[in-house]
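For reference, the structure discussed in these notes is given below.
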Amino acid sequence: MDLSNNCENGGVNQTKVVRIIWVDTSGQHRCRVIPSTRFNDVVKKNGVGLSVVCMARSSHTEIPIGKDLTGVGEIRLLPDLSTKRIVPWMEQEEMVMGDMYIRPGEAWEYCPRETLRRLSSILKNEFDLEMKAGFEIEFLLLKKAVKDGKEDWVPFDSSSYCSTFSYDAAAPFFHDIVDCLNSLNITVEQLHAEAAEGQFEFALGYTTCLTAADELIYTREVIKAVARKHGLLATFIPKYAMDDVGSGCHVHISLWQNGKNVLMAADKSSKHGMSTIGEEFMAGVLYHIPSILPFIAPLPNSYDRIQPNTLCGAYHCWGKDNREAPIRTASPPGIGVNLVSNFEVKSFDGLANPYLGLASILCAGLDGLRNHIQLPQPIDTNPSYMDLKFQRLPQSLSEALEALENNNMFTNLIGERLLTAIKEIRKAEVNHYSKHQEAYKQLIHRY
């Protein structure tokens with residue numbers, strides 16, 4: 001399957017249609033497709049009409065959840081032209097991220113991109129800081145096979161972590177993805193086979209958080225589409241095989257000011273390798289992480305992944321390069337000894353709406369800065385070996401929702417109505433999957 005010419009050259013520049021993409025509260029990618037003539041003549045200025053139920057759907061049904069977002073009411077989905085790109089795997093198409101407005105010039109309070117944009121402005125205005133993010137995307141690559149007399153999706157291979165054989169078998173698939181991402185100006189730092197059967201990972205470069213979320217969406221689109229071109233299915237579901245490790249979407253966070261990483265300490269005298277503002281920001285994220293989970297681990301299946309001894313971070317703690325902590329500080333190659341360039345949030349998974357996920361992290365960091373929250377001591381061992389000393393993070397979406405219900409900090413920053421919609425949809429997910437234990441297996445077709 002040769003996509004190289006299309007991906008490298010961006011396709012033939014004779015656009016027929018434009019996809020306007022948004023991500024709903026359940027984390028699903030959706031789009032409206034507009035003929036290019038109408039897009040240029042009407043839509044790029046005025047947008048397209050969209051029912052308010054676009055932000056009221058769950059992972060398991062198209063029936064709106066809750067009482068506030070129903071079939072009554074309409075918004076405008078306006079393209080953010082700065083994000084418009086040629087679709088690298090589909091000739092004569094373009095794609096663009098959409099923003100949600102009540103009318104041109106008046107943002108809709110449920111818009112995920114606007115929520116992240118607004119919170120980024122608060123961080124800038126109050127502290128003259130910019131949050132940057134970089135994602136590690138884990139996914140399963142599945143192939144069709146006959147199993148128990150019927151067709152099923154099974155792992156692409158059975159190789160091990162960083163296996164050369166596994167990479168080599170999938171190399172043509174990876175080549176096409178890298179070509180496509182290059183054509184979108186998305187930086188790939190590295191890729192490799194992961195620990196689960198048929199599991200792989202792409203690490204993307206860091207950038208401003210809104211752009212990082214956009215690039216994550218485009219990267220997911222590329223991975224899913226290229227897999228289809230190769231007769232495969234890629235899925236970001238956190239836990240497909242219950243007897244194997246899961247897939248996450250770890251995010252690395254840093255703080256910048258005037259082009260300089262100011263999360264990092266100015267010299268080696270810092271106790272933890274971070275500046276005071278870096279420590280306070282991360283302390284806020286650590287303090288609030290039980291309440292952040294409904295944003296970044298949004299389905300019951302997410303909690304099947306967050307288990308001890310799986311490098312997912314199941315305990316409420318942090319550590320220096322400790323991959324068993326949900327938050328770890330990182331010192332990648334090129335960073336000075338005893339200095340930290342970013343911290344990683346390991347609980348984030350591939351079902352999350354990245355705009356809402358980053359917004360929740362930003363909220364918690366803001367609270368850390370405003371209230372000068374102090375970091376506890378780091379953990380330098382596997383916290384499961386010290387079970388009585390450390391509290392587990394919520395072990396289910398129900399527990400995470402309870403933590404969010406008891407935390408008033410997010411209400412004003414996220415917005416009461418959007419937060420209510422998020423909670424209602426998460427509660428509906430809990431109810432559905434508790435009654436349909438095997439339903440998570442269908443998520444491979446939605447995520």
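The values are calculated or read from the model by the stated rules, or taken from the named source; none is laboratory data. Since this is a predicted model, take the numbers as computed values, not measurements. Reconstructed Cβ throughout: ideal geometry from the backbone, glycine too, with neighbour counts over all protein chains shown. When the accessible area is computed, the model is the full protein with side chains, heavy atoms only, and any ligands, DNA or RNA have been set aside. Shrake-Rupley method; radii C 1.70, N 1.55, O 1.52, S 1.80 Å.
Some observations on this one:
- Number of residues in region 151-172 that are out of contact with any strand residue (DSSP E or B) (no Cβ under 7 Å at 6 or more places or on another chain) and farther than 20 Å from Tyr240 by Cα equals 6.
- Test for Ala403: is it open to solvent by 10 Å² or more (accessible area, probe 1.4 Å), assigned to a helix (DSSP H, G or I), hydrophobic (A, V, I, L, M, F, W, C) and at pLDDT 95 or above: yes
- Taking the conditions (1) more than 19 Å from Gln377 (Cβ to Cβ); (2) open to solvent by less than 10 Å² (accessible area, probe 1.4 Å); (3) polar (S, T, N, Q) in turn, Gln307 satisfies each one other than (2).
- Which listed residue, of Ala265, Ala283, Ala297, is within 23 Å of Leu351 (Cα to Cα) and in the same structural domain as Glu189 (by the TED database): Ala297
- For region 109-116, the condition holds for at least one residue, the condition being that it is of a type in the set (D, E, K, R), within 19 Å of Ile422 (Cβ to Cβ) and out of contact with any strand residue (DSSP E or B) (no Cβ under 6 Å at 6 or more places or on another chain).
- Residue that is least open to solvent (accessible area, probe 1.4 Å), among those in region 230-289 that are of a type in the set (Lys, Arg) and touching a Gly at 6+ places or on another chain (Cβ under 8 Å): Lys239
- Residue match in region 167-178 (condition: part of a helix (DSSP H, G or I), without any contact (Cβ under 8 Å) to a residue 40 or more places away in the chain and either aromatic (Phe, Trp, Tyr) or in contact with a Ser or Thr (Cβ under 6 Å, 6 or more places away or on another chain) (or both)): yes
- Checking each residue in region 327-366 for being at pLDDT below 90 and closer than 23 Å to Met409 by Cα picks out no residue at all.
- Failed item in (1) in contact with a Cys (Cβ under 6 Å, 6 or more places away or on another chain); (2) under 26 Å from Arg117 (Cβ atoms), with Pro383 passing the rest: (2)
- Scanning region 189-204 for residues that are open to solvent by 10 Å² or more (accessible area, probe 1.4 Å) and in a loop (DSSP other than H, G, I, E, B) yields a count of 3.
- Region 407-435: number of residues that are farther than 16 Å from Glu109 by Cβ, open to solvent by 90 Å² or more (accessible area, probe 1.4 Å) and touching a residue at least 24 places away in the same chain (Cβ under 8 Å): 1
- Scanning region 179-188 for residues that are at negative phi and either over 21 Å from the mean Cα position of the chain (by Cα) or part of a loop (DSSP other than H, G, I, E, B) (or both) yields Asp179, Ser183, Leu184, Ile186, Thr187.
- Candidates Glu126, Glu151, Glu138, Glu114, filtered to the one that is assigned by the TED database to the domain that holds Met264, within 20 Å of the chain's Cα centre (by Cα), among the charged types (D, E, K, R) and not in a loop (DSSP other than H, G, I, E, B): Glu138
- Residue selected from region 375-400 under the condition outside any loop (DSSP other than H, G, I, E, B) and in contact with a strand residue (DSSP E or B) (Cβ under 8 Å, 6 or more places away or on another chain), by the criterion least open to solvent (accessible area, probe 1.4 Å): Pro383
- Taking region 406-418 as the range and being under 12 Å from Ser291 (Cα atoms) and assigned to a loop (DSSP other than H, G, I, E, B) as the test, the residues that pass are Asn406, Asn407, Asn408.
- With respect to (1) open to solvent by less than 10 Å² (accessible area, probe 1.4 Å); (2) modelled with pLDDT of 95 or more, the lone exception for Ser166 is condition (2).
- Taking first residues from region 67-80 that are closer than 19 Å to Val18 by Cα and partners that are open to solvent by 70 Å² or more (accessible area, probe 1.4 Å) and assigned to a loop (DSSP other than H, G, I, E, B), the Cβ contacts under 9 Å between residues at least 6 apart in sequence or on separate chains come to Arg76/Pro104; Leu78/Pro104.
- Comparison of Ser360, Ser341, Ser331 shows that the only residue that is touching a residue at least 40 places away in the same chain (Cβ under 8 Å), touching a Phe, Trp or Tyr at 6+ places or on another chain (Cβ under 6 Å) and among the hydroxyl-bearing types (Ser, Thr, Tyr) is Ser360.
- Reported count of residues in region 90-110, each being part of a loop (DSSP other than H, G, I, E, B) and under 22 Å from the mean Cα position of the chain (by Cα), is 3.
- Residue check, Ser398 of a type in the set (Gly, Ala, Ser) and farther than 20 Å from Ile63 by Cα: yes
- Complete set of residues in region 118-154 that are closer than 17 Å to His230 by Cβ and in contact (Cβ under 8 Å) with a residue 12 or more places away in the chain: Phe139, Leu140, Leu141, Leu142, Lys143, Lys144, Trp153, Val154
For (1) at pLDDT 95 or above; (2) buried (at least 19 other Cβ atoms within 10 Å of the Cβ); (3) hydroxyl-bearing (Ser, Thr, Tyr), each residue gets a yes or a no:
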residue	(1), (2), (3)
Met55	no, yes, no
Ser58	no, yes, yes
Glu62	no, no, no
Gly71	no, no, no
Leu77	yes, yes, no
Thr83	yes, yes, yes
Val87	yes, yes, no
Glu91	no, no, no
Met97	yes, yes, no
